[in-house]
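Here's the structure we're looking at; comments come further down.
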Amino acid sequence: QVQLVESGGGLVQTGGSLRLSCSASGRTFNIYAMGWFRQAPGKEREFVAAISRSGGSTYYADSVKGRFSISRDNAKNTVYLQMNSLKPEDTAVYYCAADRTFGLPRTTYEYDYWGQGTQVTVSS
């Protein structure tokens, strides 16, 4: 089992940047693929990005491709989401998630563990 804690959210102006972090408990972090999702008020939780166990493969939603970058440091049990060129439509609660798989899960039901979320607000 793994526990996830997100941090780094906040208020930023359009065009600004934020880096989210997700710290995981336990000593087997590198057996989990990691993902970032987001949920805006009144909307379903949506996929943002995923990274494989080793960090060698990544996948992004079309809406964030070229602006967001996911990375991980297995020695620190941490996954990151660097968000650049932020837009008001990026405003949401951002969640990290973990799944014990070799692939790149992209749906909520594939992930077994979730953090509590961190709010990102982009002002226009």
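Figure legend. Inter-residue proximity from the range 106-124: first residues in a strand (DSSP E or B), second residues open to solvent by 90 Å² or more (accessible area, probe 1.4 Å), beta-carbon distance below 6 Å, spacing 6+ or different chains. Indicated pairs: Thr121/Leu11; Ser123/Gln13.
If you go through the range 1-48 and keep only what is within 19 Å of Thr101 (Cβ to Cβ), more than 14 Å from the chain's Cα centre (by Cα) and among the charged types (D, E, K, R), you end up with just Arg27.
Listed conditions (1) part of a loop (DSSP other than H, G, I, E, B); (2) farther than 19 Å from Thr121 by Cα; (3) in contact with a strand residue (DSSP E or B) (Cβ under 9 Å, 6 or more places away or on another chain); (4) open to solvent by 50 Å² or more (accessible area, probe 1.4 Å) are all met by Gly55, apart from (4). Residues that are among the small types (Gly, Ala, Ser) and surrounded by fewer than 16 Cβ atoms within 10 Å (Cβ to Cβ) were ranked within the range 17-52; the one that is modelled with the lowest pLDDT is Gly26. For beta carbons closer than 6 Å, sequence separation of 6+ or different chains, a first residue in the range 54-82 that is of a type in the set (D, E, K, R) and a second that is loosely packed, with under 15 Cβ neighbours inside 10 Å, the qualifying pairs are Arg67/Asn84; Arg67/Ser85.
Ala98 falls short on exactly one of the conditions (1) surrounded by fewer than 16 Cβ atoms within 10 Å (Cβ to Cβ); (2) modelled with pLDDT of 95 or more, and that condition is (1). Go through the range 87-101 and report how many residues are farther than 13 Å from Gln119 by Cα and either within 14 Å of the chain's Cα centre (by Cα) or in a strand (DSSP E or B) (or both). Qualifying residue count, the range 87-101: 3.
Is it the case, given these coordinates, that Glu6 is acidic (Asp, Glu) and surrounded by 12 or more Cβ atoms within 10 Å (Cβ to Cβ)?
Working: acidic (Asp, Glu): yes; surrounded by 12 or more Cβ atoms within 10 Å (Cβ to Cβ): yes.
The answer is yes for Glu6.
The values are calculated or read from the model by the stated rules, or taken from the named source; none is laboratory data. Remember, predicted model here, so these are calculated numbers, not experimental data. Positions of Cβ are backbone-derived with ideal geometry, glycine not excepted, and every protein chain shown enters the neighbour counts. Quick note on the areas: whole protein, heavy atoms, side chains included, nothing else; ligands and nucleic acids left out. Shrake-Rupley method; radii C 1.70, N 1.55, O 1.52, S 1.80 Å.
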